[in-house]
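Have a look at the structure below, then the notes.
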Number of protein chains: 4
Amino acid sequence: MHQAAHAPHITADAFNRAITAYPWFGSWMGVKAVEITPRGATVHLDVRPEFLRHGGTVSGPIVMAVADVAMYAAIMGAVPHGERAVTSDMTMHFMRRPQGDKLTGEARILRKGKRSIVCAVDVFVEGQGESVCHVVGTYALPSA
Amino acid sequence: MHQAAHAPHITADAFNRAITAYPWFGSWMGVKAVEITPRGATVHLDVRPEFLRHGGTVSGPIVMAVADVAMYAAIMGAVPHGERAVTSDMTMHFMRRPQGDKLTGEARILRKGKRSIVCAVDVFVEGQGESVCHVVGTYALPSA
Amino acid sequence: MHQAAHAPHITADAFNRAITAYPWFGSWMGVKAVEITPRGATVHLDVRPEFLRHGGTVSGPIVMAVADVAMYAAIMGAVPHGERAVTSDMTMHFMRRPQGDKLTGEARILRKGKRSIVCAVDVFVEGQGESVCHVVGTYALPSA
Amino acid sequence: MHQAAHAPHITADAFNRAITAYPWFGSWMGVKAVEITPRGATVHLDVRPEFLRHGGTVSGPIVMAVADVAMYAAIMGAVPHGERAVTSDMTMHFMRRPQGDKLTGEARILRKGKRSIVCAVDVFVEGQGESVCHVVGTYALPSA
């Protein structure tokens, strides 16, 4: 009996335990995966005052980190040893001021190759219907 | 007598005082401007253990934050009220593993328009000759 | 009686007539809009031998042009005087070899602002289910 | 006696002969390499009326093609069998209206890896001092 072909390689719970090893994401920032599938992932962040910049909007690097963790969760769901993936490129378009208490990052795998994965993310703010940030990223996968 | 046309709109010292108002960059992370001209800026970051990810490389969002602060410093040097600039897009190419104790971000203004500024940054690690990360960003400027 | 708020600012037919004024897109390349809505557009291209590069894949700039025309059609549908929009930035991720006889570009507006529009496009090849190229672009809108 | 480590893998003349096999770039558009080194390349394009769009500026895809050929020339200079390189991602920032009779693309290699190459290009118009377009691209290299 083999594992179902379409089960993700990690669960949201296991992912959340794993990222506590990264003080920056896990402990300090507190972003958490809420769903991981073989084709994507959803993460949440509760916004704290120290994440804000001038005018009360969420700081750009915090939004980027939410997108980055969402892609990282998606990759860990999509391939074995996804924790060894390394970002090659990332492009962000910030479209609306991220003002609100909760951020959600929704990542979907656009391409899963042997040597790299391409992923797109939209970041939403609770209560706003439209994406505040669209991100596309490529990650190199370890060769062995 | 008027101010020289080519003096930056802020000095590195004034910039470093201003960013202490941003707990994330200023106090927690500790990135600092070392030079600001009307055409660019250089910032430094001392790497701490909590900035690292798997394998001892500096976490992607930390490198992004260095690039972001370098661009922010360059914009505050290039235009009045640069603190009100808002990131529209940012593209990063990570080219080498950022392993080392000190990061330097060197930003240069590619285009200064009335409504937006385009900036390129290279991030270097002390002791490595070549850029570890090339970033291009566009910032919207406040209309008044 | 006024025009419905949600009618596009141009029809696919009118767009196709308009682009014949651009010899490169309209006459030489032959890309055509098949649908334009206030939120997006779909365009088609019949691939000819001179669009191919080494190995029989469609040349990168041809794929880019399909994406560019799709965004241009979407913008002309979304705002009045969209023909005056100017590309500020464009990011492309090429994910699969575009091999096939027909390309389709599907553009959707991510953000419609007063001064700029952000748009995402996926380019498909007839017979392949997944996007061969994901593009994000920003266009500056004329101020008057 | 071995070939000098720092000779490019192709000369500008050989490159220009090779691209005549690509009707689109070579014959139709007429872009030509003027210098290729192991670290970069410079290409020229004489602008013709059919390359222009509304307002007399050079069409975006033409500027992209100049950048693409410049990167392609740089890659063919930097590695053997560079003609088999495939674009993974490309980001363009258009900064000034490209109005003029001659375009120059100057590409420099940012990173030469075993599996991919990262390259930056600036496109200049004769008579304008500053870059009209800054491009960053990644190319996958054939595995054998």
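Since every read-out is calculated from the coordinates, none of them should be taken as a lab result. Not measured: the values here are computed from a predicted model. FYI the Cβ positions are ideal-geometry reconstructions off the backbone, even for glycines, and counts take in every protein chain you see.
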Find the all-direction average of the projected area of the Cα convex hull for the stretch B:1-107, expressing the result in square nanometres with one decimal place. 7.3 nm²
Hull surface divided by four, with the convex hull built on the Cα atoms of the stretch A:66-141: how many nm²? 4.7 nm²
Per-residue [θ]222 nm for chain B (sum of -39500 (n - 2.57) over DSSP H runs n ≥ 4, rounded to 500): -5500 deg cm²/dmol
What is the order of C:102, D:114, fewest Cβ neighbours within 10 Å to most? D:114, C:102
Loop by DSSP (not H, G, I, E, B), at most 13 other beta-carbon atoms within 10 Å: where is the longest site-free stretch of chain B for GluC sites (Glu not before Pro)? B:1-125
What FRET efficiency do you get for residue C:39 and residue D:11 if R0 is 51 Å and r is their Cβ-Cβ distance, rounded to the nearest 0.05? 0.55
Values of log10 I(q)/I(0), in the order q = 0.15, 0.24, 0.26 Å⁻¹, for the stretch C:40-100 under a Debye, Cα-only, solvent-free model: -0.53, -1.03, -1.12
Let me know the mean shielding of C:90-101 by other chains, meaning the per-residue number of their Cβ atoms within 10 Å of its Cβ. 6
May I ask you to list the aspartates and glutamates whose Cα is less than 20 Å away from that of residue C:114, ignoring any residue fewer than eight positions away on the same chain? A:130, B:89, C:83, C:89
Global geometry of the protein assembly as shown, whether rounded, prolate or oblate, following the gyration tensor of its Cα atoms and the 1.5 cut on a/c: rounded
List the residues whose amide H sits under 5 Å from the amide H of residue A:116, counting only those 5 or more places along or on another chain, with H placed 1.01 Å from N in the peptide plane. A:141
Angle, helix B:60-78 long axis vs. longest principal axis of chain B, Cα atoms, 0 to 90°, nearest 10? 20 degrees
Modelled label-to-label distance, residue A:101 and residue C:21, 7 Å Cα→beta-carbon offset: nm? 5.2 nm
Charge dipole (debye, nearest 20) of the protein assembly as shown; +1 at Cβ of Lys and Arg, -1 at Cβ of Asp and Glu: 0 debye
To make sure I understand, if each residue's beta carbon is the centre and we count other beta carbons within 10 Å, what order do A:13, D:122, A:89 fall in, fewest to most? A:13, D:122, A:89
Centre separation in Å (Cα based) which lies between the stretch A:35-98 and the stretch B:83-144: 19 Å
Could you point to the residue in A:134, A:20, A:118 farthest towards the positive end of chain A's charge dipole, with +1 and -1 charges on the Cβ of Lys/Arg and Asp/Glu respectively? A:118
Burial ordering of C:116, D:27, fewest other beta-carbon atoms within 10 Å first: D:27, C:116
Could you name the aspartates and glutamates whose alpha carbon sits less than 14 Å from that of residue A:32, not counting residues in the same chain fewer than 8 places away? A:13, A:46, A:68, A:106
